[in-house]
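Asker: Dropping a structure here in structure tokens format, bear with me for questions.
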Amino acid sequence: MKIGVFDSGYGGLTILGDIRKALPEYDYIYLGDNARTPYGSRSFEVVYDYTRQCVEYLLKSGCKLVILACNTASAKALRTIQQKYLPYNFPDCRVLGVIRPTVECLGDITISRSVGIMATEGTIRSNSYTIEVAKLFPDIKITGMACPMLVPLIENNEYDTPGAQYFIEKYVNALFAKNRDIDTVVLGCTHYPLIYNQIKKAAPEGVNIIRQGSVVADSLVDYLARHPEISSALSKNGSIGYFTTEQPDKFTSSASLFLNENIFAEHIVL
């Protein structure tokens, strides 16, 4: 039984990389639904259908635990999958997202109690961060900023260009124009670690910029420690398999932007 990691594209590879650093002994399957990316602007119903199909593929491929390494999927599909899909189809398996563990760390980080979220349109419109923060830290104010141009720029390897810098500065300035008290910014899209330095430079000095990879990895370590029955069911050979709904040569080429290693990907049809 393996750990499955799913994303609509390539950004989840940043999550996978940090998880493998923290838990190198486990076996993993990564699935990117690259043929249907991006998810960010799609409806709740479409994102749920796509995410369910990918989760089902991973569970049928022998995954005991699946991480939705995609903020849009976590925002629009996770709860329905956990409450209405798993209990009737894979009751012994678990699916986890990236939003809850990200929110859990905020209470100890923000001093001003004002937090900014930079993410896709879908994640911002879902209000998932606002809802989750209100449950745990009702005193924290969330200010969201949709950044629709960033994922296309990153996936087309244009993220280190003057054009990309223009949009990064535009989104960061617009975020702080909404709320000058923000002292912490969550990169609420798994692509954004690739532009961490540009965002850090564009933000006011001293602002905390939160990357999700290490946060999600630490949360998974804690989860497996608290659920030894799941940990013991997972195989530990240190293997990793990559699957994509896009052509594998395109996936392999683009994946190199997110991982510092050569990989081989297989094409699947859902």
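The values are calculated or read from the model by the stated rules, or taken from the named source; none is laboratory data. Given the structure is predicted, the values throughout are model-derived calculations rather than measurements. We place every Cβ from the backbone using ideal geometry, glycine too, and count neighbours over all the protein chains shown. The accessibility values were calculated without ligands, DNA or RNA, using every heavy atom of the protein model including side chains. Shrake-Rupley method; radii C 1.70, N 1.55, O 1.52, S 1.80 Å.
Asker: Angle between the Cα long axis of helix 44-60 and the longest principal axis of the chain, 0 to 90 degrees, nearest 10?
Answerer: Once rounded, the angle reads 40 degrees.
Asker: If the reach is capped at under 16 angstrom between alpha carbons, list the lysines near Lys84, excluding any in the same chain fewer than eight residues apart.
Answerer: Within the straight-line limit of under 16 Å, Lys84 reaches these lysines: Lys76.
Asker: Between Gln82 and Glu169, what is the label-point separation in nm under the 7 Å Cα-to-beta-carbon projection?
Answerer: 4.1
Asker: Here is a further query. Expressed as a rounded percentage, what relative contact order does segment 2-107 have, with Cα pairs under 8 Å and six or more residues apart?
Answerer: 32
Asker: So how do 196-202, 4-10, 35-41, 114-120 stack up, highest first, on mean other-Cβ count within 10 Å? Walk me through the numbers on the way to the answer.
Answerer: Numbers: 196-202: 16.0, 4-10: 27.9, 35-41: 20.6, 114-120: 26.0.
Ranked from most to least packed, the peptides come out as 4-10, 114-120, 35-41, 196-202.
Asker: What do you reckon, how do Glu45, Glu132, Glu261 stack up by accessible area (1.4 Å probe), largest on top?
Answerer: On the way: Glu45 125, Glu132 25, Glu261 80 Å².
From most accessible down to least: Glu45, Glu261, Glu132.
Asker: Can you return the lysines within cross-link range of Lys236? Criterion is Cα-Cα under 23 Å, with same-chain partners fewer than 8 residues away left out.
Answerer: Leaving aside lysines fewer than 8 places away in the same chain, those within reach of Lys236 are Lys2, Lys21, Lys60, Lys64.
Asker: Sticking to Cα atoms, compute the Rg of the chain to one decimal and its Dmax as the biggest Cα-Cα distance, whole number, in Å.
Answerer: Over the chain's Cα set, Rg and Dmax evaluate to 17.7, 50 Å.
Asker: Cα axis of helix 162-178 to longest principal axis of the chain: angle in degrees, 0 to 90, nearest 10?
Answerer: 70
Asker: Once each part is reduced to its C-alpha centroid, what is the distance from segment 54-88 to segment 156-222 in angstrom?
Answerer: Taking the Cα centre of segment 156-222 as reference, the centre of segment 54-88 is 26 Å away.
Asker: 7 Å from Cα along Cα→Cβ at both Lys135 and Lys178: what's the point-to-point distance in nm?
Answerer: Reported label-point gap for Lys135 and Lys178 is 2.1 nm.
Asker: Using the Cα centre as the reference, give the magnitude of the dipole from point charges on the C-beta atoms of segment 21-169 (Lys, Arg: +1; Asp, Glu: -1; all else neutral), rounded to the nearest 20 debye.
Answerer: About 540 debye.
Asker: Using a 1.4 Å probe on the protein chains only, how many percent of the accessible area of the chain belongs to carbon and sulfur?
Answerer: Carbon-and-sulfur percentage of accessible area, whole number: 49.
Asker: Measure out, as a whole number of angstrom, how far apart the alpha-carbon centroids of segment 234-259 and segment 106-145 sit.
Answerer: The two parts, judged by their Cα centres, are 31 Å apart.
Asker: When only C-alpha pairs under 8 Å and at least 6 residues apart count, what is the relative contact order of segment 149-204, in percent?
Answerer: Contact order relative to length: 45 percent.
Asker: Taking the Cα centre of the chain as origin, sum charge times position over the Cβ atoms of Lys and Arg (+1) and Asp and Glu (-1), and report the length of that vector in debye to the nearest 20.
Answerer: The calculated dipole for the chain is roughly 540 debye.
Asker: Another question, if that's okay. For Ile210, what residues show an amide H to amide H distance below 5 Å, using hydrogens built from the backbone and excluding near sequence neighbours?
Answerer: Under 5 Å from the amide H of Ile210 lie the amide H atoms of Val185, Val186, Leu187, each far enough along the sequence or on another chain.
Asker: Under 14 Å from a point 7 Å along the Cα-to-Cβ line of Asp92: which residues of segment 194-236 have their amide N that close?
Answerer: Those under the cut-off are 229-235.
Asker: Using only Cα atoms, what is the ratio of the radius of gyration of segment 1-147 to 2.2 N^0.38 Å?
Answerer: Computed over Cα atoms of segment 1-147, the ratio equals 1.04.
Asker: Full extension from Thr252 to Asn156: what is 0.36 nm times the residue separation minus their Cα-Cα distance, to one decimal in nm? Mind showing how you got there, number by number?
Answerer: On the way: separation 96, 0.36 × 96 = 34.56 nm, distance 1.35 nm.
Extending this stretch completely gives an extra 33.2 nm.
Asker: How far is helix 212-226 tilted off the main Cα axis of the chain, in degrees rounded to 10, range 0 to 90?
Answerer: Helix 212-226 and the main axis of the chain meet at about 50 degrees.
Asker: Send over a whole-number figure in Å² for the accessible area per residue of segment 89-203, probe 1.4 Å.
Answerer: Counting only protein heavy atoms, the per-residue value for segment 89-203 is 45 Å².
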